[in-house]
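Some notes on the structure that comes next.
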Amino acid sequence: MDFNLSPEQRHWQQVARKFAYEKIRPRARELDRETDPAKTFPLDLVREASRLGLRTLKVPRKDGGAEVDVLTEVLVQEELCAGDIGFGMTLQHAWREGNIIAHASEAVRERVLKPFLADDTALPAFAVTEEHAGSDHKTPYFETLDAGPRTSAVRDGADWVINGRKKWQTNGNVAAFVIVAARTNPNVPWPKGLSFFVVPTDTPGFSASAPLDKVGIRLNQNADLTFDNCRIPADFLLGEVDHGREFIHRYSAGSAAKEAAKALGIARAALEAGIAFAKQRVQGGKPIIEHQAIGQVIADLATEIEMARTLTWRAAWSVDHAPEETDRLESMAKVAAAEAAVKAGVRCLEIFGGQGVLRDQPIEKLARDALCMMHTGAGNHAVRVRIAAMLARGGEAMAIY
């Protein structure tokens, strides 16, 4: 195994790190304190990131993007999320959805991809979650009519008509287009009969709620979406009818590894804050980092973060080199990294002592952000169920989207 990064990977890692530390982090705490969630969204930073090539990181080179591999996405995601996880999540959707529409029909490329590439602030959303269908796609409870999304898509002449409601959608209220999961055959058990469509957000019948007011990850906009007789052309279907999951999976591989990378970014930022504070806080005549109780906490956190990072890198590498292992490794990486982030946030807040809960200290924000990672990209409990099912089946990979 070779852990040396290529020159291109090093380049994007450094670009993202410089941008995160110089541009994102100085703004993140200020925006996090905004009481109105609509005012936490840094559109100017999206524009700057786009000019650096970070918004179109996964778009094919022939369309003007960088077309990086999954490991590079993971490297960049950790760096951006060390600046702020909400902003990192915002750009991650641009990578995945941008790559998906680049491989869609010519009608989608003309109507959706071209405007997306031309506008430095254009962002997408990916709508799967519903009131009664959150982690269904991450668990082994298949072959039932009651599981999965209930949003419907019905063919009507040359169009598809979409009806339904989606919950918690990242970028939902600021997106230029949405990739939406809908049932095209409600008479077959989940996960069969599911298709994906591209819906420009100026489509009549589409609407988004005001951004949701969250405890953490506040720079990322989440909203509920409504599709009320949204009529789109037939060739805005992604892949084949009832088999959209296969198309989506082909062009969004590594999603769980990128969830893990987001958690690594928070964990690293929390540890950096804890170490910086422990170096300057003096008790008993010496910096508290020299006290063994504090030093051992820091050593344990650094070790756990490094272990989670190694697993995440291996999961990302497996997408291109060992696809039969990808599902298992990605799921494990997400669990390990999310829990490392929570532990780093809480334990480093304890290092700050009473000052840790003050709003003028950086650690309280990072602790709030870290706790949210237990529930993004499917909750850790659901992912554990998935891992157990794979092990029970001899490690056989389960299809994901």
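The values are calculated or read from the model by the stated rules, or taken from the named source; none is laboratory data. Predicted, not measured: the structure shown is a model, and the values here were computed from it. Glycine gets a Cβ as well: all are built from the backbone with ideal geometry, and neighbour counts include every protein chain shown. In case anyone asks, the SASA skips ligands and DNA or RNA and just uses the protein heavy atoms, side chains included. Shrake-Rupley method; radii C 1.70, N 1.55, O 1.52, S 1.80 Å.
Here are a few things to note about the model shown:
- Pairs from Lys62/Lys167; Lys192/Lys262; Lys23/Lys365 whose Cα-Cα separation, in the structure shown, is over 28 Å: Lys62/Lys167; Lys192/Lys262
- Using a probe radius of 1.4 angstrom, the carbon and sulfur fraction of the accessible surface of the chain is 53%.
- Mean separation of Cα pairs under 8 Å and 6 or more residues apart, divided by the residue count, gives the range 77-179 a relative contact order of 29 percent.
- Whole-number accessible area per residue in Å² for the chain, which is evaluated in the context of all protein chains at 1.4 Å: 41
- Whole-angstrom gap from the range 37-59 to the range 222-267, using each part's C-alpha centre: 19
- Within the range 237-321: Cβ-based charge dipole about Cα centre, in debye rounded to nearest 20 (Lys, Arg +1; Asp, Glu -1): 380
- Within the chain, DSSP assigns beta bridges of which about 85% are antiparallel (rounded to the nearest 5).
- Most to least accessible of Trp12, Trp190 (protein chains only, probe 1.4 Å): Trp12, Trp190
- Between Ala293 and Asp120, the simple spin-label model (points 7 angstrom out along Cα→Cβ) gives 5.1 nm.
- Here the simple spin-label model places points 7 Å from the Cα toward Cβ, and for Ser6 and Glu110 these points are separated by 3.4 nm.
- Computed about its Cα centre, the charge dipole of the chain is approximately 720 debye, with only Lys, Arg, Asp and Glu carrying charge at their Cβ.
- Here the Gaussian network model covers the chain, with springs between Cα atoms less than 10 Å apart; of Gly285, Gly356, Gly254, Gly285 fluctuates the most.
- List Asp159, Asp84, ordered by accessible area with a 1.4 Å probe, largest first: Asp159, Asp84
- Spin-label pair Arg359-Lys286: with each label point 7 Å from Cα along the Cα-Cβ axis, the two points sit 3.8 nm from one another.
- Farthest towards the positive end of the charge dipole of the chain, among the residues Thr90, Ser105, Met307, is the Cα of Met307, using unit charges on the Cβ of Lys, Arg, Asp and Glu.
- Helical runs assigned H by DSSP (4 residues or longer) give the chain a calculated mean residue ellipticity at 222 nm of -15000 deg cm²/dmol, each run adding -39500 (n - 2.57) before division by the residue total.
- Taking Arg245, Arg314, Arg359 as the candidate residues, the one with maximal mean-square fluctuation in a Gaussian network model of the chain, Cα springs under 10 Å, is Arg359.
- Look at the dipole of the range 1-135 built from charges on Cβ: of Leu80, Val59, Ala49, the Cα furthest out on the positive end belongs to Ala49.
- Lys, Arg +1 and Asp, Glu -1 on Cβ, resulting dipole of the range 78-237 about Cα centre, debye, nearest 20: 260
- Axial C-alpha extent at least 15 Å, average Kyte-Doolittle at least -0.5 - helices from the chain (DSSP): 70-83, 85-102, 255-280, 292-321, 323-351, 380-392
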